[in-house]
Amino acid sequence: MRIAIVGAGGVGGYFGARLAAAGHEVTFVARGRHLEAVRRSGLLVRSPLGDVRTSPGSVVESVADVDGADLVIVAVKLWDTDDVARQLGASELAGTPVLSLQNGVHKDAVLARRLPPESLLGGACFISAFIEEPGVVRHNGTLQRMVFGARHPEQEPVARQFLHACTEAGVDAEVSADVDRVIWEKYVFLVGHSATTTAVRRPIGVVRSHERTRVLLRDVMAEAVAVARASGVALAEDFAERQLAFCDTLPADMTSSMHNDLEHGHRLELPWLSGGVADLADELGVPAPRNRTVADILAPYVDGAPSGA
């Protein structure tokens, strides 16, 4: 397949490098020092599953520089979503199938403002990976999974083709007939994991082992479940408890991308995570005090480290 990956960070960089190593034609869209490093030496992924490096030059600076693709994967931070959609809509990739592997439940609605809704597949990924230094992505642990699916019948061939490509690349992948439910299921976990590891400023092992922060983790996820159910998504009432049990299986030193961003003074995806839950809860008349409090506590850091911090 010819695959354009907009965003060569932890998610886009990891999956793109695996797909490229399997022989697929992958073009990354990146910027800054990361772009220059990948252009010069290729993208190096360091992983417990084996390191891999892409060919130098397999990267461009702009969506407009991509020379065609069978599938576009969007893997930028959420605040860049509208800009990426604008670029895609104005390029020769307009109308190409698009799969967002971004966090949250707001992403596809933002993309649909500028792209044909029938071009948007649904998807979610499960991985802990980040840019360790320009040109290098670090994969934590062995979890590296994608779930995606067609929202329209005409998308089914590219979904099957991409599933085959992932299998060839050694990526754990699955096609789902109810992908929007999958996106919400991930969102529940993601909100809990990101909110607590970032607010506590410690990995999940610390959060889950202390009585009060464990309750906080459960409550944050339970509020997200309540919002999902109020939105018409069929999540079980005890889904937060199940996700809490899943958190007990994670490596104790696992943290979240939002915690990593906080530690490095970077911008946070908070408005689409706990802030997003709280805002949706307000619209739906559902209480979400735990998520609102987390959003308030972390508010000074949304645009990066506050001046003087």
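Laboratory data are not the source of any read-out in this text; all were calculated from the coordinates shown. Because the structure is predicted, anything quoted here is derived from the model rather than measured. Here the Cβ positions follow ideal geometry from the backbone for every residue, glycine too, while neighbour counts run over all protein chains shown.
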### Query
Candidates (i) 84, 47, 29; (ii) 47, 46, 35; (iii) 50, 43, 36; which is the computed Cα extents along the principal axes in Å?
(iii)
### Query
Measuring from the lowest to the highest alpha carbon on each principal axis, how far does the range 105-216 reach, largest first, in angstroms?
49, 29, 26
### Query
Non-local amide H neighbours of GLY122 (under 5 Å, H modeled in plane, Pro and chain starts lacking H): which ones?
GLY149, ARG151
### Summary
Computed for the range 40-151: size of charge dipole around the Cα centre, +1 on C-beta of each Lys and Arg, -1 on C-beta of each Asp and Glu, debye to nearest 20, value 360 debye
### Query
In terms of modelled amide H atoms, which long-range or inter-chain residues lie less than 5 Å from the amide H of ILE73?
ALA4, ILE5, VAL6, LEU99
#### Entry: 3J(HN,Hα) from dihedral phi, the range 266-272, Karplus parametrisation 6.51/-1.76/1.60, rounded to Hz, x for glycine, proline
8, 5, 10, 7, 3, x, 9
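Let me know the charge dipole size of the chain about its Cα centre in debye, to the nearest 20, where only the beta-carbon of Lys, Arg (+1) and Asp, Glu (-1) is charged.
Working: 30 positive and 39 negative charges, 124 e Å.
Magnitude of the dipole: close to 600 debye.
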### Summary
The computed P(r) of the range 181-301 puts the percent of Cα pairs beyond 17 Å at 50 percent
### Query
Using modelled amide H (1.01 Å from N, peptide plane; none on Pro or chain starts), what sits under 5 Å from the amide H of VAL26, excluding residues fewer than 5 places away?
ILE3
### Task
Could you give the size of the charge dipole of the range 181-301 about its Cα centre, using +1 on the Cβ of each K and R and -1 on the Cβ of each D and E, expressed in debye and rounded to the nearest 20?
180 debye
### Task
Give me the angle, in degrees from 0 to 90, between the Cα long axis of helix 10-21 and the longest principal axis of the Cα atoms of the chain, rounded to the nearest 10.
30 degrees
### Task
Using the Karplus curve 6.51 cos²θ - 1.76 cosθ + 1.60 with θ = phi - 60°, work out ³J(HN,Hα) for each residue of the range 287-294 in order, rounded to whole Hz, and write x for Gly and Pro.
x, 8, x, 5, 5, 5, 5, 4
### Task
Among GLY123, LEU143, ALA109, flag the residue with its Cα farthest along the positive direction of the charge dipole of the range 101-152, charges on Cβ as +1 for Lys/Arg and -1 for Asp/Glu.
ALA109
### ³J(HN,Hα), Karplus 6.51/-1.76/1.60, whole Hz, each residue of the range 118-123, x for Gly, Pro
6, 8, 9, 6, x, x
